[in-house]
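J.: This is the structure, below, for whatever I ask next.
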Amino acid sequence: TGNAIFAGSIGMNGETAAANQLDDYEEGTFTPVLTGTTSASGVVYDTQVGLYTKIGNRCLFNVTVNLSNKGTIAGYLKITGLPFTNGDSTNAITTTKASNVVMGDYFKAWAPVYGSSAFMYLFMVKENVNTGTSQMDTDEITNDTEFEITGSYSV
């Protein structure tokens with residue numbers, strides 16, 4: 001008839017080792033910001049929402065960024081403002097939906113969370129993996145570009 005509150009951590013199946021205990025759970029919001037590696041000014045959003053759930057050392061997140069004016073962005077595109085610093089650059093996974101972008105021969109967007117940071121660079125990926133990826137810059141977005149990014153990373 002209420003909340004269960006534990007003074008320590010939660011173990012399953014009789015597990016007692018500290019490394020196998022759940023001792024951290026958190027939900028919250030954050031404000032994702034589309035910027036460039038050099039600078040950004042005048043960016044205006046229709047939607048700018050970040051949601052996260054942290055379970056143990058894993059942060060799961062959803063980002064929605066819809067622009068109404070891309071302003072002036074210099075350098076490669078990145079989204080800053082993630083709620084935690086990434087603890088393992090090899091363990092960041094994202095799926096990205098991009099609308100109203102100029103991608104040429106590229107077929108999908110990708111946004112890895114870099115190690116020891118709280119941001120994602122935006123990349124364009126060609127359908128044929130052998131032809132590589134390219135970092136996105138201001139030429140690839142429009143005043144009404146939309147990004148929906150779902151992912152997880154270690155913290």
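J.: Roughly what would the spin-label model give for Glu26 and Arg58, points 7 Å off Cα along C-beta, in nm?
T.: Placing both labels 7 Å along Cα→Cβ, they lie 1.8 nm apart.
J.: Top to bottom by accessible area (1.4 Å), largest first, where do Glu140, Glu27 land? It would help to have the intermediate numbers written out before the result.
T.: Details: Glu140 30, Glu27 125 Å².
From most accessible down to least: Glu27, Glu140.
J.: Any aspartates and glutamates with Cα under 15 Å of the Lys108 Cα? List them, leaving off those in the same chain fewer than 8 positions away.
T.: Qualifying aspartates and glutamates at Cα under 15 Å: Glu127, Asp137, Glu140, Glu146, Glu148.
J.: Can I ask one more? How far apart, in nm, are two points set 7 Å out from the Cα along the Cα-to-Cβ line at Thr85 and at Ser116?
T.: It is 0.8 nm.
J.: Would you check the accessible area of Asp46, probe 1.4 Å, heavy atoms only, in square angstrom rounded to 10?
T.: 110
J.: With a point put 7 Å past each Cα toward its Cβ, work out how far Thr72 is from Thr150 in nm, to one decimal.
T.: Using points 7 Å along Cα→Cβ, the separation is 3.8 nm.
The values are calculated or read from the model by the stated rules, or taken from the named source; none is laboratory data. Everything numeric in this text was worked out from a predicted model, so none of it was measured. Every residue, glycine among them, receives a Cβ derived from its backbone with ideal geometry; neighbour counts consider all protein chains shown. Just the protein is used for accessible areas: all its heavy atoms, side chains included, with ligands, DNA and RNA removed. Shrake-Rupley method; radii C 1.70, N 1.55, O 1.52, S 1.80 Å.
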